[in-house]
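First up is the structure itself, then whatever we jot down about it.
Throughout, read-outs are computed from the coordinates displayed, never taken from laboratory work. On a predicted model such as this, the values are computed, not experimentally measured, just so you know. Cβ atoms come from the backbone with ideal geometry, glycine included; neighbour counts cover every protein chain shown.
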Ligand code: SF4
Ligand code: ZN
Ligand code: ZN
């Protein structure tokens, strides 16, 4: 097929826009979609320093490159960080990712920080898997959320950018409806202003990009990223979550743009209402160990509570 814009050979088809694109026009379309959404949702209004959480996978690697490329249009400086979670399980997962991420930081030319969970906090996710009776991805989620905001603050950033894509967001919205988790739904925004004791704004610039669009762009651009998933990824999604995603993909196949409409309509029309009704209730606390914010009604944050357990079982 021919590119709908220039007539050269097309490499990508956008089914929900019925658009065929050559490599050059796909790259332009992909990047402009990010710039447009970032402006529409005011992601970088007031941002001077944006920290990108880079894991080594396709989504965050691409986000680093694209934000660095377009930072001038928004007037911010891009910085990056990697959290070395100490995941090995015979695959050297964290070690391999660290090397790839460092190469990307050097190639793009940004200031960066490597957070070493073992060196700085005394345990790894592999240790936690062995010693704490809690699903490993739940522990990892707490650790990542805590260290991401901290790393962004330590880098002097006012904004933290994460690489959640449309597939992540659609799954989140649909499962929020299915399980009626309104508090979570009300908070899962592509732009979270600093609140409840946190200093950085959190943004998700790829929240309307399909996962396959990011993958295709990353491959076409020749970025170095890690294809292999985390060795715990099988445990990440419950069976029902996985089925939900597969069902959504089937509907997407029959009705192109389904996931895009689900997420963008939710964000425009439903979430703001939920946020007004639900959020803001409950006073945020302060962790008596680390001094960072805690959930309402708790005096030790989830991260410190995990760390305490790890130190106790080490005995
Ligand atoms: Fe962490 Fe689980 Fe993701 Fe692995 S799959 S990085 S353990 S949340
Ligand atoms: Zn073209
Ligand atoms: Zn704490």
Fill in the blank from the handout: For the pair residue 69 and residue 265, the simple spin-label estimate (label points 7 Å beyond Cα toward Cβ) gives in nm 3.2 nm
Problem - Mean Cα-pair separation over length for the range 72-202, i.e. relative contact order, pairs under 8 Å, 6 or more apart, % - result: 21 percent
Problem - Normalised contact order of the range 214-303, rounded percent, pairs of Cα under 8 Å and 6 or more residues apart - result: 11 percent
Problem - Relative packing of 149-162, 129-142, 200-213, which averages over residues the other C-beta atoms within 10 Å, highest first - result: 200-213, 149-162, 129-142
Exercise for the section: Give me the angle, in degrees from 0 to 90, between the Cα long axis of helix 302-314 and the longest principal axis of the Cα atoms of the chain, rounded to the nearest 10. Expected result: 50 degrees
Problem - Beta bridges by DSSP in the chain, antiparallel share as percent, to the nearest 5 - result: 30 percent
Completion exercise
Taking Cα atoms, the helix 58-74 axis meets the longest principal axis of the chain at an angle in degrees (rounded to 10) of 70 degrees
Practice task
Provide 273, 43, 148 in ascending order of the number of other Cβ atoms located within 10 Å of each residue's Cβ, fewest first.
Solution key: 273, 148, 43
Problem - Between helix 211-221 and the chain: long-axis angle, C-alpha atoms, 0 to 90°, nearest 10 - result: 70 degrees
Handout entry: Contact order relative to length of the range 1-157, as percent, for alpha carbon pairs under 8 angstrom and 6 or more apart
Key = 18 percent
Handout entry: Separation of alpha-carbon centers, the range 159-218 and the range 4-21, rounded to whole Å
Key = 28 Å
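To make sure I understand, if each residue's beta carbon is the centre and we count other beta carbons within 10 Å, what order do 1, 221, 259 fall in, fewest to most?
Ordered from fewest to most neighbouring Cβ atoms within 10 Å, 1, 221, 259 come out as 1, 221, 259.
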Fill in the blank from the handout: Once residue 212 and residue 199 are pulled to full extension, the length gained, defined as 0.36 nm per residue separation minus their Cα-Cα distance, is 1.4 nm
Exercise for the section: Using just the helices of the chain, give the 222 nm mean residue ellipticity in deg cm²/dmol: DSSP H runs with n ≥ 4 each add -39,500 (n - 2.57), and the total is spread over all residues, rounded to 500. Expected result: -16000 deg cm²/dmol
Completion exercise
Largest-first semi-axes in Å of the equivalent ellipsoid built from the Cα gyration tensor of the chain are 32, 23, 21
